[in-house]
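Data first, discussion second: the structure below is written as structure tokens.
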Amino acid sequence: MKAVVLAAGQGTRIRPLSDSVPKPMLPVADRPLVAHTIDAAIDAGANEVVLVIGYEADTVRDYFGAEYRLSLIHI
């Protein structure tokens, strides 16, 4: 199963938190916000995740890479 996760944008309404960290990478509990969403998709059966990103895309790419929890990640 494939999943599409929308995680683009600067997060202008959550400044100053998003001044140095992209919105999807803001820490929530023990990992970035978008990791919770991707983990839920994988737990639901997704084996391929398309992650739509924009602002500070390299930070997201560096965290997830090409595979995350044995699922293919397309960024």
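Worth pointing out:
- Exactly one residue out of Tyr63, Tyr55 is open to solvent by 50 Å² or more (accessible area, probe 1.4 Å), assigned to a loop (DSSP other than H, G, I, E, B) and in contact with a Pro (Cβ under 9 Å, 6 or more places away or on another chain), and it is Tyr55.
- Filter result for Val4 (touching a His at 6+ places or on another chain (Cβ under 6 Å) and not in a helix (DSSP H, G or I)): no
Residues are listed down the side, and each one gets a yes or a no for (1) among the charged types (D, E, K, R); (2) open to solvent by 20 Å² or more (accessible area, probe 1.4 Å); (3) within 12 Å of the chain's Cα centre (by Cα); (4) modelled with pLDDT under 90:
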residue	(1), (2), (3), (4)
Gln10	no, yes, no, yes
Leu26	no, yes, yes, no
Pro32	no, no, yes, no
Ile38	no, no, yes, no
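- Residue satisfying condition, being under 20 Å from Arg69 (Cβ atoms) and either in contact (Cβ under 8 Å) with a residue 24 or more places away in the chain or not hydroxyl-bearing (Ser, Thr, Tyr) (or both), within set Asp43, Asp58: Asp43
- Taking residues in segment 8-31 that are within 19 Å of Leu51 (Cβ to Cβ) and of a type in the set (Ser, Thr, Tyr), and partners anywhere that are at pLDDT 90 or above and surrounded by 10 or more Cβ atoms within 10 Å (Cβ to Cβ), the pairs with Cβ atoms closer than 7 Å and at least 6 places apart or on different chains are Ser18/Leu26.
- Of the set (1) open to solvent by 30 Å² or more (accessible area, probe 1.4 Å); (2) at pLDDT 85 or above, all apply to Ile75 but (2).
- Scanning segment 40-52 for residues that are charged (D, E, K, R) and open to solvent by less than 70 Å² (accessible area, probe 1.4 Å) returns a single hit, Glu48.
The values are calculated or read from the model by the stated rules, or taken from the named source; none is laboratory data. Owing to the predicted nature of the structure, the values given are computational and were not obtained by experimental measurement. With ideal geometry, Cβ positions are generated from the backbone for all residues, glycine too; neighbour counts draw on all protein chains shown. The area values use the complete protein model at the heavy-atom level, side chains included, leaving out ligands, DNA and RNA. Shrake-Rupley method; radii C 1.70, N 1.55, O 1.52, S 1.80 Å.
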